[in-house]
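Okay, so here's the structure we're looking at.
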2 protein chains.
Amino acid sequence: MLQEPILTGSQNCEECPIRHRAVCARCETDELQRLEEVKYYRRFEAGQPIIWCGDRMDFVGSVVLGVASLTQAMEDGRTQMVGLLLPSDFVGRPGRAVAAYDVTATTDVLMCCFRRAPFEALIEDTPHIAHRLLEMTLDELDAAREWMLVLGRKTAREKIASLLSIIARRDAMLHIRREDGPVVFDLPLTREAMADYLGLTLETVSRQVSALRKDGVISLEGKRHVTVPDISRLLEEAGDDMDGGLIS
Amino acid sequence: MLQEPILTGSQNCEECPIRHRAVCARCETDELQRLEEVKYYRRFEAGQPIIWCGDRMDFVGSVVLGVASLTQAMEDGRTQMVGLLLPSDFVGRPGRAVAAYDVTATTDVLMCCFRRAPFEALIEDTPHIAHRLLEMTLDELDAAREWMLVLGRKTAREKIASLLSIIARRDAMLHIRREDGPVVFDLPLTREAMADYLGLTLETVSRQVSALRKDGVISLEGKRHVTVPDISRLLEEAGDDMDGGLIS
DNA sequence: GATTGGCTTTGACTTAGATCAAGTTGGGAC
DNA sequence: GTCCCAACTTGATCTAAGTCAAAGCCAATC
């Protein structure tokens, strides 16, 4: 089902749809060479845990194919997804040996991993990579803060629209797409996972998805295949200003 | 009201209660010397804006005294605080010229600022500082994600207890304090600011603070001066496991 | 082709927190 | 002192979303 990704030393980070944002071949060919020695791929099936909070973690990596999620749980079972990991997103924290969150494969996932120690050594003496990592982390921080607004202040309907916007936008980054045409994608999340991301119950998610469908904001084929006829209508429903800063 | 901070080149980041975590004198005396040339202080009165979202921002800095807040606003006026800036917290993003959030002085604030261009140059050729900045950013990301759980899944009472825990913990870092004694601090936020941080209304905040007082979890002198007789009781109310990971 | 079991939808009812509307408090200006 | 005003509290009501319960819908398996 998953194919091995094509990722050669000559690949250009601007053109390659599946970018290892932390290790860009265009800029750091030599360093990438060093990393090739400690690079390996891992597959996970949909629903499988990638790592549990508290586990020892001796790799960092990035998602190549599929979708994974970062979640936090309270003792009584309430859970909150705190990050959605789409292709090119980075997992793991240099300098930390223990996972802070549960990481779960939401769809089938292919991850590209690097052993942590050599990766940290690389950061140590390759300022350029450290710099890029800082930039990525700052982007993630912005995304997390954007999501705090969603969680704290938006209505259920706006939350759903916000989530669909994010997925549509990230999906559009991977595919070449005509301007202003309808956006089509498959939801990589169950209703329950959506609820965990949005701080809702799965019933409310289901009701609001149905409502958006009835109102013509989206249309559904099956339960997961979504068509958005007018993306700006969706952004409006999400309560965002049109400049679109959801994921920077 | 605010006094000029003592911040000499010989100051040790481990001992000094007001630390510029980004530029630690102990580790980077020479580099700090370079920064001294572009360093300046700015004061803000309680309630004043420090910078508006969208404004050009040609400095970075850190809070020395007081409390500031990062907030995001929707067009219809709903607002969500996305960060609480306590002494030693960093403001601004290297590589970004435009502010992404509104920054407001919640109490009287003294900030230590550096012009952005020289600061970025320093990062560029001082890997150690870049590394520290990455670590700080990762910590902030963890804090933001912890807060996503608060916003998405906790009840109003748990939210209040979580906020009080954070302030108590950060406050305890600034003062030497007996183990297990009562924790005493002044709330640096109005009820409205608390509501904006917690995704609640100010009325709900007021009610839940009163409830925690009635139940003996906290006691109040005036409206802002808080005594927590048993900090572990407060953490329990916050729904946290006892290991205390709210701010790493 | 029937059966199972995950998802998902939909309905009826409940509730935590929002909203609206008075009051109260307390510190600073005069 | 008293007046003022912003910050806060408290009460009454409303509502969006949660809870509980019962079907529905595939896709995989027997």
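Each reported figure results from applying straightforward, stated rules to the coordinates on display, with no laboratory input. Quantities reported herein were computed from a predicted structural model and do not represent experimental measurements. All Cβ positions, glycine included, derive from the backbone under ideal geometry; neighbour counts span all protein chains shown.
Computed values, structure above
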{"item": "For region A:57-134 and region B:99-130, distance of Cα centres in Å", "result": "27 Å"}
{"item": "7 Å along Cα→Cβ, label-point gaps from B:Arg224 to other copies, nm, shortest first", "result": "5.4"}
{"item": "Copy-to-copy label separations for A:Thr190, where each label sits 7 Å from Cα toward Cβ, in nm and ascending", "result": "4.6"}
{"item": "Shortest-first distances to equivalent copies, position A:Arg169, nm, label 7 Å out along Cβ", "result": "2.9"}
{"item": "A:Ile218 long-range amide H proximity, modeled H, under 5 Å", "result": "A:Arg213"}
{"item": "Computed label-point distance, nm, for sites B:Ala97 and A:Ser232 using a 7 Å Cα→Cβ extension", "result": "2.7 nm"}
{"item": "Residue-span extension gain [B:Met74 to B:Arg207] - 0.36 nm each, minus C-alpha spacing", "result": "45.3 nm"}
{"item": "Label point 7 Å beyond Cα of B:Glu192 along Cβ direction - residues of region B:37-55 with amide nitrogen under 20 Å", "result": "B:44-53"}
{"item": "Candidate lysines for bridging to A:Lys214, where Cα separation is under 16 Å - those fewer than 8 sequence places away on the same chain excluded", "result": "A:Lys223"}
